[in-house]
Amino acid sequence: MTSKELKKKTVRSPYPLPTKFPTPLEQKAYKTYNWFENTLWPVKPLPFVATTVALAATLHYKYPENAILDVLPKFSSEAAEIVKASLVAAIGTYASVFTLRKLLKYFYFSYKGFLFDNPKKPSLKTKIWGVSHEIVFEIVRHILSFSPPILESCDALLPNLPVPILSDTVKEYLDSAKCVLTDQEYETILKQSQSFLENEGKKLQRYATLYSLFTDNYVTSFWQKYAYLYGRYPLLINSSVAHVDLLRDKEATRAHRAARVTWIEVMSHLAVDRQQYKPLGDGLVCTRHYKNMYAVTRVPGMEIDELKLHGVQKHIVVVLRGKFYKVHVVDDKNNIYSVEQLTKIFHEMISRDEKEEGIIGKVAALTLDNRDSWHKNRQKYFLGNKKNAEILKEIESAVFFFTLDEDEDYGYDPEKPEILNNFLKNALSGDGTNRWADKSLNYICSKNARCGGTTEHSIADGAEFDHIMENFVYVDIEILKYKSVEEQMKMAVMGENEKNSLKLATPLTFEIPDEEMLSEIERCYDNHQKSKDDLDLYALAFRDFGKGRIKKCGVSPDAFIQMAIQLANYRDQGQFVMTYEPASVRFYANSRTETLRTVNTHSCAFVEAMLNENETKEAKIALLKKACETHVLRNKNVMIGKGVDRHLFVLYILSKGVGIQSSFLENYISQKWKLSTSHVSVPNVTNQCDEDTDPNDTWLGACFGAVAADGYGICYRFGGNHGIFANVTSYHSAKNTDSTRFAKLLSESFHELSNLFV
């Protein structure tokens, strides 16, 4: 983009920025309207009603005698006759809408052939699909007052996730497993798979197929319940995902940065509730889980947790130096506080210089416990105490939980990588006192105004997080212009009138009923310190090149990174291991993720060639391209519902439910993901953010704990065309892993693969 083009670039918020908070009546009104909008789309409610009224009037006044009305009872009251004609008109009008929606669902939204076509030479089917799309949408645009879909308009039009053919799933699984199992292990599972296909597999497949007929997605309910909510382990490190901000943020005071985060996320919260987020792909992908992002709590249970959605809320809860505060985001007249007003509120709260001393300042550590133990303590010390129950309600219903961290050494310095390591590690683990792990979103703001956050993973997946984060970055950089630090400091000063008009932060002080609660807090805090100390994290900020150079190599950037990870891991561990990469199945209704199994015969052949000094560069290039092509093809197959792992996972859950023993499924489920990887798309979900004009406007990425105790977790993203950010985690307690060592090998692999094309 040229400088002239940059000057002409239109800066427009990705969602409306209201100044008033909706009243309960307004909330009911827009939710009702959105329900009609989503039920009728692509027809708008107003033309639907107008058509219905016109048809009813025609039936009643112009054609009172017709075949349809004649079969219905006649009424002596004209009012009753009008109602009858109106009902017939409404049914007739909706029948047309229903037919149109079914055509869209089973033709436009169900077609996936374009994924496998050459964009420059699409197939005849894709051409027909594209032309039909244009014709249909032009018709509805001009005749039916078509408008772009709101967030969930197309959700009911997405196809149901298909149940793959069982033999295909088993074959794909065996192809991947062969590369990571010993000959004896492979021979065992091969025999088990043959018996599975001939015996219990047939019955379990029938159950899965039957279940799929009564739900839009045969995986999601099982996955959310058994992969997440049944988990009894602590959430931080083990399940939650963390992120941090940009390479170099604009200069800001802590109060002002906290105010910006709060204001932006309140705007985002309202936009999601109003369904004013623009759906990705013009509605081609699932948007059902966005509503889980804000004001949601994972409530601990004795055996299984539950997600509790609190709807649109007017406050956040902040923890500062061990003390909890309720911060209102609106005034008594429902006016949403501006960034300037919130800056004053945060500054006043910080200036109190209050601190919760002793164990009581560690009360949040209780949420870091095993879920069953936290359930018991929550019942006993919070729900069983009137004052604590009120505070708990404030926390769990808050838009998000906000930590004002006392650390002032967060950020990025290429000369001091330990600073970024500390930044990301703290975002992921907290200090044992400053995360409410149950909350869907925890944000942090350090003393030097660097920001990050932690997301509870059961609520949604990376795609939703990425979209939320991209909008956040864009609004923070492009919409809210930063003033100088001096102006921010002046902004924070509160006049006498403001002291009376603004709602200042309200302290929330827990009661400690007995020594047993103090003992439990200390136990949870100490256990978390052990987990935090065991976490080994290295944040690799690779600045030598980015996506641009990889594209010039003629391979998929994501596949390039995955092959580099395979090469680094083989050099680190001396073997191929099961590797997890989440892949999108969001073309289907109510979808979460599927596993893209990175390891296959082609990826292994490439790695072995790279380790062979006698292999030619030409052969290595050919093998890399073949491995990348295979990776891309497997990804596309996963995107159309032909994944392996969710299918086998559902069959395993069903086998337990109906009491069918399967040695094949037991063997499958016991295998560990030694490499767990994830590609973060921000800020390229909607391509709003430009990371190349100013490289400092580049997001540093996210991280998560390694899934296997003796494995690695790798969360990576491209920093435009100028960098790759890969955050590596493992555990000090594992003798075979070292995150710093792996990051060094990964950096070398990036160069080694790139140098093949020099």
Quiz item: Based only on Cα atoms, what Rg/Rh ratio does the range 232-535 have, Rh being taken as Kirkwood's radius?
Solution: 0.95
Quiz item: So what does the Cα-only Debye profile of the range 556-640 read at q = 0.22 Å⁻¹, as log10 I(q)/I(0), no solvent term?
Solution: -1.01
Exercise. Would you give the gap between the C-alpha center of the range 405-481 and the C-alpha center of the range 207-229, rounded to a whole Å?
Key: 32 Å
Quiz item: If you rank LYS625, LYS125 by fewest surrounding Cβ atoms within 10 Å, what's the result?
Solution: LYS125, LYS625
Practice problem: Kindly state, to the nearest 0.05, the FRET efficiency for ASN238 paired with VAL53, given R0 = 56 Å and r defined as their beta-carbon distance. | Solution: 0.45
Self-check item: Cross-link reach list, aspartates and glutamates versus LYS178, counting only Cα pairs under 19 Å and skipping chain neighbours closer than eight places
Solution: ASP168, GLU187, GLU581, GLU608, ASP645, GLU666
Practice problem: For the range 42-148, compute Rh as the Kirkwood radius over C-alpha pairs and then the Stokes-Einstein diffusion coefficient at 25 °C and 0.890 mPa s; write the answer in µm²/s, rounded to an integer. | Solution: 149 µm²/s
Quiz prompt | Over 38 Å [Cα-Cα, the chain], rounded percent | solution = 44 percent
Self-check item: Helix-only mean residue ellipticity at 222 nm for the chain, each DSSP H run of n ≥ 4 adding -39500 (n - 2.57), per residue, nearest 500
Solution: -14000 deg cm²/dmol
Quiz item: LEU540: net charge of surrounding residues, Cβ under 12 Å, Lys/Arg +1, Asp/Glu -1, itself excluded?
Solution: +2
Quiz item: How about the range 445-493: which trypsin sites (Lys or Arg not before Pro) there lie in a loop by DSSP and see at most 10 other Cβ atoms within 10 Å?
Solution: LYS481
Self-check item: Where labels lie 7 Å past Cα in the beta-carbon direction, separation of GLU408 and GLU496 in nm
Solution: 3.3 nm
Self-check item: Part-to-part distance (alpha-carbon centres) for the range 612-637 and the range 266-290, which is given in Å
Solution: 38 Å
Exercise. Note the full-extension length gain between ARG352 and ILE669 as 0.36 nm times their separation in residues minus their Cα-Cα distance, in nm to one decimal.
Key: 108.8 nm
Quiz item: How high is the FRET efficiency between ARG741 and THR601 when r is their beta carbon distance and R₀ equals 35 Å, given to the nearest 0.05?
Solution: 0.80
Self-check item: Length gained when the stretch LYS552-ASN614 is fully extended (0.36 nm per residue, less Cα-Cα span)
Solution: 19.7 nm
Exercise. Pop the C-beta distance of ASP372 and ASP692 into the FRET formula with R0 = 45 Å and round what comes out to the nearest 0.05.
Key: 0.40
Exercise. Please list 171-177, 421-427, 402-408 highest first by mean number of surrounding beta-carbon atoms within 10 Å per residue.
Key: 421-427, 402-408, 171-177
Quiz item: Which whole DSSP H helices in the chain pass both tests: a Cα extent of 15 Å or more along the axis and a mean Kyte-Doolittle value no lower than 1.6?
Solution: 45-57
Exercise. Calculate the length of the line joining the C-alpha centroid of the range 669-736 to that of the range 56-76, in whole Å.
Key: 65 Å
Exercise. Measure off 7 Å from each Cα along the Cα-to-Cβ vector at SER733 and ASP544, then give the distance between these two points in nanometres to one decimal.
Key: 3.6 nm
Self-check item: Packing-based exposure ordering (other Cβ within 10 Å, fewest first) of LYS386, LYS547, LYS191
Solution: LYS386, LYS191, LYS547
Self-check item: Net length gained if the chain between LEU25 and VAL83 were fully extended (0.36 nm per residue, minus Cα distance)
Solution: 18.1 nm
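Throughout, read-outs are computed from the coordinates displayed, never taken from laboratory work. This is a predicted model, so every value here is computed, not measured. FYI the Cβ positions are ideal-geometry reconstructions off the backbone, even for glycines, and counts take in every protein chain you see.
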